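The values are calculated or read from the model by the stated rules, or taken from the named source; none is laboratory data. From a predicted model like this one, the values you see are computed outputs, not experimental measurements. Quick reminder, even Gly has a Cβ in these numbers, built from the backbone with ideal geometry, and neighbours come from all protein chains shown.
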Amino acid sequence: MKKKLVLILVVLLTVSLIGCGAKEKLEEKASEAVAEKVIEKAGGGDVDIDGDKVTVKGEDGEEATFGSTDWPTSELAKNIPEFKGGKIVSVMEASDSLIISIEEASKKDFDEYFNEIKKIYTNQSYDMKTEDGITYGASDDKGYGVTIIYGADETLNISLVNTGE
């Protein structure tokens with residue numbers, strides 16, 4: 001677990017460094033190749049960097065992706081409805097977990113999504129409302145847990161975890 005956390009932190013740092021400047025295509029590819037080698041040495045896995053999307057495949061075959069800006073289409077992602085509004089700024093996904101960060105998510109779009117989520121995820125639910133936003137968490141009967149956090153600044157974070165229960 002500790003090694004996985006270090007690997008995730010290295011990947012996130014690398015992605016942020018790669019995304020900071022507007023580099024020529026050749027420089028970008030060279031940077032990606034160097035970053036891939038650094039991450040592979042640090043974590044012992046196979047790394048593929050394609051623009052802002054980073055895929056890390058561990059020695060055990062476990063795969064994680066970071067940085068995509070498209071709604072995920074994996075089997076795990078099929079367990080949560082797609083948010084149709086806003087702009088996806090980041091997706092982090094492994095076989096048992098998923099985090100989607102969205103900006104420009106209108107309150108109207110969020111309210112519709114929130115009602116949809118509450119119909120599916122009803123077990124052990126909690127919700128907290130403040131002047132800054134709303135947090136909701138619950139699980140379903142299939143062993144998936146969801147947390148959604150909506151901010152007054154129109155940001156939305158959606159987390160899905162397969163608890164295997």
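Within segment 108-128, the only residue that satisfies the criterion of being aromatic (Phe, Trp, Tyr) and in a strand (DSSP E or B) is 126. Does residue 105 satisfy the criteria of being buried (at least 17 other Cβ atoms within 10 Å of the Cβ), part of a strand (DSSP E or B) and modelled with pLDDT of 90 or more? So residue 105 fails the test.
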